Amino acid sequence: MVHIMKIHFFGAAGEVTGSCYMVETPVSKILVDCGLFQGSREADQKSHGDFDFDPATVDAVIVTHAHIDHCGRVPLLFARGFRGPVYATEPTGELIKLQWDDILHIMEERERHSNMPPSYDLNDVAHAKAAIVSLPYGKLAAITKDAGFIFHDAGHIFGSSFVELRAGGKTAVFSGDIGNDNVPIVRETEPLVACDVLITEATYGDRTHSPVVQRREDLRRVIIDAIKRGGTLMIAAFSLERTQEILFELDQLIERDHALPRIPIYLDSPLAIRANAVYRKFNSYYDEVAAAEWKRGNDFFDFPGLIVAETSAQSRLINSAPAPKIIIAGSGMLAGGRIMYHLMRYLSDPKSTLLLVSYQAEGTLGRKIQERSHSVTINGEQIPVKCFVEKIDSYSAHGDQEKLLRWMVSGSTPPGRVIVTHADAPAAQEFCSIAEKRNHVRIEAAAMGQIIEI
Ligand SMILES: [Zn+2]
């Protein structure tokens, strides 16, 4: 029998969210990632809808990392009859539990002011949590009698991986998301392994990031300027990863460099506080710099001036604290979370500062403010934007065009074929033509619903 591996594209084809691929062999069906579609009402509806396959027939799901566009629909698989294992690295296994709880909470909140009920419930989340099987990097694990896989470090966020999937003498690699160079705490991306086909993301396939060397100095300057203005500095950061990176940088600026005056820094994010605990638990996954800090007894999620606000009562107390003060809260694109309450209070204050450290997607409040809207509407209230707005874009956890091109040919042999996912159509096209010219690979952009055979 000729062994054919079929790969189905059920998400992140021609768009940057909803990662979901199925590898089908003569005897098994394995999913790689099962994430939420994000960014519009239509995307929400797609995330709530039925799958284009029967989850009850799937043997296993492999989760590359804890971003919700890669893991957010796993409990929905259980709601639709899936009962197999959920493979993840040890940190990812813990972080996805936090993410699922958070998504469920957000869906329940949303139900109160829309007629969209949550797509899964506490019971489905409990099933998904109980099915997690944690594996270290570099260990070959058998999934079914004809398929196995290995996690490799993708250097994107804590615990992130790219997946080497082997079946019937063929190898497919799924990139997950490939990290930027020098992401704080996280190790560098491992070289690509030899494979018949590489399914790679290209979120920034048409872009080049600012150099990272200036990053910490930029942060220091923003903070010093904000303190001089005498108001509140709001740092809008995603609770998972970006917040931990910012805390690490602040720890270094305060404890090692003594480069900042002592002012209160509030971490106003229950999810980030819980994620910090996961980072502490899996300190053996740190990169060299973070590991050395940890070894000499420096817990970089705890430094002079840092105050954590877990409960809403603790969060409300931040309001009455005198300025200057720093508040770190999510979400990074100002699409919800505790940052909204601080925006309502401080956006109209000319002495205050808003610092954006994430990419601001089209249509988000963050994008509007970044593009210097004079006023915005939050919770039905019109608020003039008078505060100072700063942006540092070198904290991206995604590799840029240069990094993706370099990684694609970082192995001993180039991949036999490359399929581009997780990119808007124009970015995917540009990336394909550059990669073809520079790396001499056979490359194409994936289409939704497409099936390739190797
Ligand atoms: Zn990601």
Hits among lysines - C-alpha to C-alpha of Lys97 under 28 Å, sequence gap 8 or more where chains match
Lys29, Lys46, Lys129, Lys139, Lys281, Lys295
Per-residue Cβ contact counts at 10 Å, fewest first, order His398, His67, His3, His374 as His374, His3, His398, His67
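What list do you get for Asp257, Asp121 if you sort them by fewest beta carbons within 10 Å?
Result, fewest neighbours first: Asp257, Asp121.
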Evaluate the charge dipole of the chain about its Cα centre and quote only its size in Debye, nearest 20, assuming +1 on the Cβ of each Lys and Arg and -1 on the Cβ of each Asp and Glu.
780
DSSP bridge pairs, segment 226-391: antiparallel proportion in percent, nearest 5
15
Describe numerically, in nm with one decimal, the distance between label points set 7 Å from Cα along Cα→Cβ at Arg262 and at Gln450.
5.9
Computed over segment 219-324: relative contact order in percent, which uses C-alpha pairs under 8 Å that are six or more apart
38
Pseudo-spin-label distance Lys351 to Ser284, built 7 Å along Cα→Cβ, given in nm, is 5.0
Just tell me the longest site-free run in the chain, where the sites are GluC sites (Glu not before Pro) in a DSSP loop having at most 10 other beta-carbon atoms within 10 Å.
1-361
Filter the trypsin sites (Lys or Arg not before Pro) in segment 290-376 down to the DSSP loop ones having no more than 13 other Cβ atoms within 10 Å, then list what survives.
Arg296, Arg372
Only Lys, Arg, Asp and Glu count, each charged at its Cβ (+1, +1, -1, -1), so figure out the dipole size of segment 170-264 about its Cα centre, rounded to 20 debye.
480
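Can you sort Met408, Met234 so the residue with the fewest Cβ neighbours within 10 Å comes first?
In order of increasing Cβ crowding within 10 Å: Met408, Met234.
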Please give me the summed charge of the neighbours of Glu217: other residues whose Cβ is under 11 Å from its Cβ, Lys and Arg +1, Asp and Glu -1.
+1
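A short reminder: the numbers here are calculations on the coordinates, not readings from a lab. A quick note: this is a predicted structure, and the numbers were derived from the prediction, not measured. All Cβ positions, glycine included, derive from the backbone under ideal geometry; neighbour counts span all protein chains shown.
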